[in-house]
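Presented below is the structure to which this report refers.
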Amino acid sequence: MCGAWLIYKYNCGHEDAPIKQETSPFCLFKKSPAICERDIGAFRVINIIVNDWCVSCQPIAAEMRSQRQPNGQMETPTAPPEDLSVQARQRTKLRRLQCMSARFRGDERRLLQLNGMARNCLRERLRAEDMWAPEMFAWMLRYIQALPEWLDRPSLVAELAPWFATMFDEDLQVSLRPTLRAMKCEFALDDVMMWTQTY
């Protein structure tokens, strides 16, 4: 199974990353674990968008909310540049440890094989009852986004898209839109998105 390094990203721009790696409950190459280590990096970096402020910024957000202007507008907490710089360095360190190549180091036939394996495994997993839960669907999307860009991630998203409307409530739709946007698949939520804003 793939290892997973979780990064929680908040509305204020702050990020929170647990200091230990987890085992992903979902892997597209479970039957060929060597692929996870040799071809697609040592672990997956899973970005989890939290539609809320981080613990440090929640009191600031509450104070700003009490000072809301008559027209309804209000200032919102923002991570300072020094915090963003620290987070960027942490991500750079993770990428080094991950050893995931930005370009595929193989021939076209091997790439087609990997894409076919991923697609077939996803279809097989969708036949399992334990996959049909909103949080698992969300995890699958985040996992797919964490795969190398040279894999055909949009085709994997297309396999899941028919069930987005029934699987994702407002909060999950809001948190998953950036995940889809990173894969140029944001349109998959166009017909089901319900906009909310939480302060």
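The values are calculated or read from the model by the stated rules, or taken from the named source; none is laboratory data. Bear in mind that the values here come from a model prediction, so they are computed numbers and not experimental data. Neighbour counts run over all protein chains shown; Cβ positions are idealised from the backbone, glycine included. With ligands, DNA and RNA removed, areas are computed over all heavy atoms of the protein, side chains included. Shrake-Rupley method; radii C 1.70, N 1.55, O 1.52, S 1.80 Å.
Worth pointing out:
- Largest accessible area first, the listed residues Val157, Val86, Val174 line up as Val86, Val174, Val157 when surface is computed with a 1.4 Å probe on the assembled protein chains.
- Projected area, mean over directions - the chain, Cα convex hull, nm²: 12.7 nm²
- Angstrom value of the Kirkwood radius, inverse mean 1/r, which spans all Cα pairs in the range 97-196: 14.5 Å
- Along the range 15-22 the Karplus relation, 6.51 cos²θ - 1.76 cosθ + 1.60 evaluated at θ = phi - 60°, assigns HN-Hα couplings of 10, 10, 10, x, 7, 10, 7, 10 Hz to successive residues, with x for each Gly and Pro.
- Separation of alpha-carbon centers, the range 1-61 and the range 80-115, rounded to whole Å: 13 Å
- Under 21 Å, Cα to Cα: Lys pairs in the chain, sequence gap 8 or more or different chains: 4
- Difference of contour (0.36 nm per residue) and Cα-Cα distance, Ala165 to Asp16: 50.7 nm
- Count Lys and Arg as plus one, Asp and Glu as minus one, and take only other residues whose Cβ is under 12 Å from that of Cys36; the net charge is then +2.
- Angstrom value of the Kirkwood radius, inverse mean 1/r, which spans all Cα pairs in the range 145-191: 11.0 Å
- Here the range 1-69 has an Rg and Dmax of 17.5, 57 Å, counting Cα atoms alone.
- The range 1-77 - charge dipole about Cα centre, Lys and Arg +1 at Cβ, Asp and Glu -1, debye rounded to 20: 280 debye
- Dmax and Rg, reported as Rg then Dmax, of the range 67-139 (C-alpha, Å): 21.6, 62
- Projection of the Cα convex hull of the range 29-72, averaged over all directions and equal to a quarter of that hull's surface, yields 5.6 nm².
- Heavy-atom accessible area with a 1.4 Å probe sorts Ser175, Ser56, largest first, into Ser56, Ser175.
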